[in-house]
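Remarks on the structure that follows.
The values are calculated or read from the model by the stated rules, or taken from the named source; none is laboratory data. Predicted model only: the values in this text are computed from it and were never measured. For neighbour counting, all protein chains shown are included, and Cβ atoms are generated from backbone atoms with ideal geometry for every residue, glycine included.
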Amino acid sequence: MLPTSLTCLHRAPRIDAQLWIILWGLLLLGAGLSCSRPASALDLDAGDYVPAAAGTTLGLLYLQQAERDHLYRDGHRVAGSPGLDSQIGILRLVHYADLGGYRVAPQILLPFGRLDGRHDGNALGDSSGLADPILAMPVWLLNQPERRRFFAITPYLFIPAGRYDHDQPLNLGENRWKLTLQAGYVTGIGEKLALDLAADVTFYEDNDSYGSQKWHHEQKPSYQYQGFLRYPLGDTLDLRAGLSWQHGGENCLESSWLNDSQRTGKWSAGFAWFFRPGSQLAATVGRDLTVDNGFREESRINLRLLQVF
């Protein structure tokens, strides 16, 4: 079943200090990249919870470059820790329809990309290929375009079909099912400004084949909260800025809890531009503001191409 067991009863494995640091960082990375691989938390773009008209189909391509220089533990940089770069893409197909009086948008996301370890003496190596595909369907319980108010709930199901090799330190797939439940709310402020708010929780199935020793890996639920402001400069261009906060997701490796719950804050800013009717380019830059446990993103660039069919 999807929700993770929260109890561990057996003794911890014996792992040397350097390997433990790397394993611990990779466990946290699995949470931090869930939307960008896509990333545990599911990072949104501002305006994602404004539905299109029924019958509309969207095709989207996401591209992301992120750099992570160091691991952090309890808010402090781990000396001698490795870094990690990622180049991630996502193909996404969305169709809007009305079902039982509610607007819905069944969709599929196919992530792919590459992970590269650095500053690590090739301990992490690299990995490329397909990540775990995602099925989702938001349901709008509030859809009031005349008042610029929208509210929807979305389940995301991560299917463990991506590339995974327990002998490799880096993997794009996670070899476990995941379920994210997300709620999103959008409201207008004044005549132009719009506020987007979202919150989600992710549940993790166990992975019984983690690492070269095929250790048992459990993880507690993780949570994320996001907020964005959007300001239109015209009918085809808007500016947006956002903040997010993620916490939870403590890992358990071979029945030993790692006391590594995430507490990560980050910012992003960018624009979205309809450069021709039905075609949009969105771009944002951002970085982590604070990280208690895990890799810290020094920089991130996101590009999104959207086509309306």
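What residue, among those in the stretch 122-143 that are polar (S, T, N, Q) and in contact with a strand residue (DSSP E or B) (Cβ under 7 Å, 6 or more places away or on another chain), is modelled with the highest pLDDT? Even if it seems obvious, please write down each step before you answer.
First, the residues of the stretch 122-143 that are polar (S, T, N, Q): 122, 127-128, 143.
Filter once more, keeping what is in contact with a strand residue (DSSP E or B) (Cβ under 7 Å, 6 or more places away or on another chain): 127-128, 143.
Values: SER127: 87, SER128: 92, ASN143: 98.
Among residues in the stretch 122-143 that are polar (S, T, N, Q) and in contact with a strand residue (DSSP E or B) (Cβ under 7 Å, 6 or more places away or on another chain), the one modelled with the highest pLDDT is ASN143.
Scanning the stretch 27-49 for residues that are surrounded by 18 or more Cβ atoms within 10 Å (Cβ to Cβ), modelled with pLDDT of 85 or more and not charged (D, E, K, R) yields LEU44, ALA46, TYR49. Residues that are surrounded by 19 or more Cβ atoms within 10 Å (Cβ to Cβ) and out of contact with any Asp or Glu (no Cβ under 6 Å at 6 or more places or on another chain) within the stretch 74-103 comprise SER81, LEU84, SER86, ILE88, ILE90, ARG92, VAL94, TYR96, ARG103, listed in sequence order.
State whether one or more residues within the stretch 239-257 are among the charged types (D, E, K, R), assigned to a loop (DSSP other than H, G, I, E, B) and surrounded by fewer than 16 Cβ atoms within 10 Å (Cβ to Cβ).
Of all residues in the stretch 239-257, those among the charged types (D, E, K, R) come to 240, 250, 254.
Filter again for assigned to a loop (DSSP other than H, G, I, E, B), leaving 250, 254.
The next check asks that each one be surrounded by fewer than 16 Cβ atoms within 10 Å (Cβ to Cβ); those that pass are none.
Scanning the stretch 239-257 turns up no residue that is among the charged types (D, E, K, R), assigned to a loop (DSSP other than H, G, I, E, B) and surrounded by fewer than 16 Cβ atoms within 10 Å (Cβ to Cβ).
The set of residues in the stretch 141-186 that are in contact with a Lys or Arg (Cβ under 7 Å, 6 or more places away or on another chain) and closer than 23 Å to PHE203 by Cβ comprises PHE158, PRO160, HIS166, ASN171, LEU172, GLY173.
Could you tell me which of the residues ARG304, ARG230, ARG276 is basic (Lys, Arg) and in contact with a Lys or Arg (Cβ under 6 Å, 6 or more places away or on another chain)? Give the derivation first.
Details: ARG304 fails: in contact with a Lys or Arg (Cβ under 6 Å, 6 or more places away or on another chain); ARG276 fails: in contact with a Lys or Arg (Cβ under 6 Å, 6 or more places away or on another chain).
Step by step, each of ARG304, ARG230, ARG276 is checked, and only ARG230 is basic (Lys, Arg) and in contact with a Lys or Arg (Cβ under 6 Å, 6 or more places away or on another chain).
Does GLY125 fit the bill of being surrounded by fewer than 14 Cβ atoms within 10 Å (Cβ to Cβ), small (Gly, Ala, Ser) and either over 18 Å from ILE159 (Cα atoms) or in contact with a Leu (Cβ under 9 Å, 6 or more places away or on another chain) (or both)?
Details: surrounded by fewer than 14 Cβ atoms within 10 Å (Cβ to Cβ): yes; small (Gly, Ala, Ser): yes; either over 18 Å from ILE159 (Cα atoms) or in contact with a Leu (Cβ under 9 Å, 6 or more places away or on another chain) (or both): yes.
Yes.
Just to be sure I understand, how many residues within the stretch 51-66 are surrounded by fewer than 18 Cβ atoms within 10 Å (Cβ to Cβ) and either part of a loop (DSSP other than H, G, I, E, B) or of a type outside the set (Ser, Thr, Tyr) (or both)? Walk me through how you get there before you give the answer.
So in the stretch 51-66, the residues surrounded by fewer than 18 Cβ atoms within 10 Å (Cβ to Cβ) come out as 52-57, 59, 61, 63, 65.
From what is left, the residues that are either part of a loop (DSSP other than H, G, I, E, B) or of a type outside the set (Ser, Thr, Tyr) (or both) are 52-56, 59, 61, 63, 65.
Summing the residues that are surrounded by fewer than 18 Cβ atoms within 10 Å (Cβ to Cβ) and either part of a loop (DSSP other than H, G, I, E, B) or of a type outside the set (Ser, Thr, Tyr) (or both) in the stretch 51-66 gives 9.
I need a count of the residues in the stretch 46-85 that are among the small types (Gly, Ala, Ser) and in contact with a Ser or Thr (Cβ under 9 Å, 6 or more places away or on another chain).
Residues of the stretch 46-85 that are among the small types (Gly, Ala, Ser), as a first pass: 46-47, 52-55, 59, 66, 75, 79-81, 83.
Subsequent filtering for residues that are in contact with a Ser or Thr (Cβ under 9 Å, 6 or more places away or on another chain) retains 46, 66, 75.
So the count comes out to 3.
Within the stretch 231-255, the set of residues being of a type in the set (Gly, Ala, Ser) and at pLDDT below 90 comprises SER255 only.
For the stretch 282-297, give me each residue that is of a type outside the set (Ser, Thr, Tyr) and surrounded by fewer than 14 Cβ atoms within 10 Å (Cβ to Cβ). Don't jump to the end; show me each part of the working.
The first filter runs over the stretch 282-297 and keeps only residues of a type outside the set (Ser, Thr, Tyr), leaving 282-283, 285-289, 291-297.
Of everything in the stretch 282-297, just one residue is of a type outside the set (Ser, Thr, Tyr) and surrounded by fewer than 14 Cβ atoms within 10 Å (Cβ to Cβ), namely VAL285.
When the stretch 298-308 is filtered for residues that are exposed (fewer than 15 other Cβ atoms within 10 Å of the Cβ) and either of a type in the set (Lys, Arg) or modelled with pLDDT under 95 (or both), the ones remaining, listed by number, are GLU298, SER299.
Checking the condition among the hydrophobic types (A, V, I, L, M, F, W, C), under 30 Å from ALA241 (Cα atoms) and buried (at least 20 other Cβ atoms within 10 Å of the Cβ), which residue from PHE151, PHE203, PHE228 passes?
Within the list PHE151, PHE203, PHE228, the selection yields PHE228.
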